[in-house]
Amino acid sequence: MEEPDVSELRLIALSLLSSVEKLRERQIVHHLLSSLSTKPRIKLLRGFRGVGKTTAMLQAFAKNKDRALYFSADHPIVKASGLYRTGKAVINNGYSMLFIDEVHTFPEWRAEIKALHDEFPKAVIVASGSAPLALIPERREEVLPLHEMDFSEFALLKTGQEISAGEEWRDEEKALEFIARSPESTGLFTSYYRVGGFPFSLEMEEEKAMEGIYNSIRKSIREDAVFFLRMSKEKVFAMENLLNFLATSKPGELSITSLSSTLKVSKTIVYEIIDALSSMEIIRVIRPYASGAALIRAEPKLLFFHPNLRFAICRQLGKKPEIGAVREELAVFGFEERGWKVYTIKGSKKSPDYMVERGGERLVVEIGGERKKGAQLKGFNKGLLIRDHQLLILVSKSSKII
């Protein structure tokens with residue numbers, strides 16, 4: 001193997017900083033920087049393709065460039081020398097912090113990073129990759145999840161407008177007062193739920209942004225699922241058909257048996273591809289608030305991880321997304337980003353949409369437009385009807401971007 005050219009890697013890393021020096025930092029950069037002084041010393045920055053992992057890595061590197069080096073595992077220098085030999089040479093050149101991007105592209109990356117971790121007890125290693133499937137944490141690793149942007153991040157990066165949203169989503173009147181103070185936010189919100197979860201949409205026309213999101217979905221299925229899960233062509237085809245079916249359907253619990261019939265694959269394969277799509281952070285599997293046999297027998301509700309994914313697929317199919325599904329995906333995204341656990345509610349056909357739980361507090365929520373009256377909430381304590389203006393605030397977790 002060749003000896004790695006650390007000076008060349010350093011030159012490349014410093015040159016890349018110009019691409020991020022004028023960009024505001026998302027909150028993940030603060031979390032990443034804070035974690036560098038804590039154990040475990042291996043950090044995994046994990047997220048779906050295109051959510052901003054490389055930008056966050058470079059911004060964190062910029063704050064530590066005197067003692068750190070950024071490089072990509074798919075660079076020819078690294079491929080020729082090996083990840084372990086490259087990392088060792090970098091550390092021996094005086095850098096105690098490694099930011100390694102696209103780590104999932106390097107075979108046996110985990111074993112080589114572990115060897116660096118064990119040999120250099122003061123080294124901190126931050127690894128990132130575009131395949132969440134590959135970055136399942138082990139004992140010596142800490143995962144830093146990076147998801148699509150919330151609305152406050154999008155608004156600030158897009159326009160410089162700071163949205164300081166708190167818990168106003170709980171009360172319709174407070175939500176209306178909040179939006180009245182920021183009337184321009186409603187126009188931005190439409191762009192946000194269509195494409196604005198992905199940072200690359202900030203400088204793109206909407207149609208091109210949707211195409212970019214769709215390409216990320218397709219690449220995840222056709223490359224990541226095949227490489228990491230050894231998915232057959234039949235299963236890849238079924239995954240794509242499942243997403244097309246989901247993108248053009250109203251939200252609701254889905255029968256595994258009916259999905260098996262629709263997709264023309266066995267129920268075992270349906271379970272397998274649902275688990276894969278969930279692991280890739282393309283869909284969410286929402287299970288009922290139940291336990292024991294009731295939980296096992298119940299059918300899940302499937303939603304896209306973020307509505308941007310639904311819009312991208314519908315554009316390819318020439319279909320209009322179902323607005324009820326978009327609302328529910330926004331709500332679930334907002335709740336989970338705020339630390340709530342989300343469940344469906346079993347019961348009558350007119351049961352509320354979700355039960356959410358955080359820190360001992362439980363709420364029963366119904367998601368709907370302005371015509372929704374909340375009849376499904378009758379008989380439930382702490383029932384909450386969430387309309388569109390409340391959704392805007394619910395997905396505005398924080399505006400603290402540096």
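General observations
- Placing a pseudo-label 7 Å from each Cα along the Cα-to-Cβ vector at Asp171 and Gln316 gives an inter-label distance of 4.5 nm.
- For the range 84-113, backbone nitrogen atoms closer than 18 Å to the point 7 Å from Arg140 Cα along Cα-to-C-beta are found at 84-92, 96-100, 103-104, 107-113.
- Put a dot 7 Å past the Cα of Arg181, heading toward its Cβ, do the same for Glu119, and the two dots end up 5.6 nm apart.
- Listed residues Val126, Val90, Phe71: farthest to the positive end of the dipole of the chain (Cβ charges): Val126
- With θ taken as phi - 60° and the Karplus curve 6.51 cos²θ - 1.76 cosθ + 1.60 applied, the whole-hertz 3J(HN,Hα) list for the range 128-141 is 9, x, 8, 10, x, 4, 7, 10, 7, x, 10, 4, 8, 10 Hz, x standing for glycine and proline.
- Inter-label distance for Glu253 and Asn93, nm, one decimal - labels placed 7 Å from Cα along Cα-to-Cβ: 5.8
- Placed amide H near Leu385: partners under 5 Å, 5+ positions off or other chain: Glu366
- Comparing mean-square fluctuations of Arg230, Arg315, Arg181 from a GNM of the chain with C-alpha springs under 10 Å, the top value falls on Arg181.
- Likely footprinting exposure, Asp224, Asp275, Asp150, fewest C-beta neighbours within 10 Å first: Asp275, Asp224, Asp150
- Amide proton proximity set for Lys43, modelled H, under 5 Å, gap of 5+: Ile125, Val126, Ala127, Glu142
- This ranking places Lys350, Lys267, Lys114 by how few other beta-carbon atoms lie within 10 Å of each, fewest first, which gives Lys350, Lys267, Lys114.
- Between Ser81, Ser185, Phe61, the Cα set farthest toward the positive side of the dipole of the chain (charges on each charged residue's Cβ, about the Cα centre) is that of Ser185.
- Rounded to the nearest 5, the antiparallel percentage of DSSP beta bridges internal to the chain is 35%.
- As a length-normalised measure over Cα pairs under 8 Å and 6 or more apart, the relative contact order of the range 152-394 settles at 21 percent.
- Placing +1 on the Cβ of every Lys and Arg and -1 on the Cβ of every Asp and Glu, with nothing else charged, gives the range 152-394 a dipole about its Cα centre of roughly 1100 debye.
- Checked against a 18 Å cut-off, the cross-linked pairs Lys341/Lys382; Lys43/Lys114; Lys250/Lys319; Lys233/Lys264; Lys250/Lys350; Lys235/Lys267 all give Cα-Cα distances at or below that limit.
- Taking Cα centre as origin and charging only the Cβ of basic (Lys, Arg, +1) and acidic (Asp, Glu, -1) residues, the dipole magnitude of the range 6-145 rounds to 300 debye.
- Helix-derived mean residue ellipticity, 222 nm - over the chain, DSSP H n ≥ 4, -39500 (n - 2.57), to 500: -12500 deg cm²/dmol
- Charge context of Ala13, other residues only, Cβ under 14 angstrom, K/R +1, D/E -1: -2
- Here the chain is scanned for GluC sites (Glu not before Pro) in DSSP loops (not H, G, I, E, B) that have at most 14 other Cβ atoms within 10 Å, and the longest stretch holding none of them is 206-369.
- For the range 6-145: rounded, prolate or oblate by the Cα gyration tensor [a/c cutoff 1.5]: rounded
- Here the contact order of the range 6-145, divided by its residue count and restricted to Cα pairs under 8 Å and six or more residues apart, works out to 35 percent.
- Summing charges over neighbours of Glu168, with a neighbour being any other residue whose Cβ is under 10 Å away from its Cβ, gives -3 when K and R count +1 and D and E count -1.
- Fully extending the segment from Thr190 to Glu234, taken as 0.36 nm per residue of separation minus the present Cα-Cα distance, adds 12.2 nm.
- The residues Tyr289, Tyr95, when put in order of fewest to most other Cβ atoms within 10 Å, stand as Tyr289, Tyr95.
- Overall form of the range 107-249 per C-alpha gyration tensor (a/c, 1.5; a/b vs b/c): oblate
- Gain in span if fully extended, Gln161 to Lys219, counting 0.36 nm per residue against the direct Cα distance: 17.5 nm
- Förster radius 41 Å - calculated FRET efficiency between Asp74 and Ser261, Cβ distance, rounded to 0.05: 0.50
- Each residue of the range 70-75 was assigned a 3J(HN,Hα) from its phi angle through the Karplus curve 6.51 cos²θ - 1.76 cosθ + 1.60 (θ = phi - 60°); the sequence is 9, 7, 9, 5, 9, 6 Hz, with glycine and proline shown as x.
Readers should treat all values here as calculations from the given coordinates under stated rules, not as data from a laboratory. Since we're looking at a predicted model, the values are computed, not measured. For neighbour counting, all protein chains shown are included, and Cβ atoms are generated from backbone atoms with ideal geometry for every residue, glycine included.
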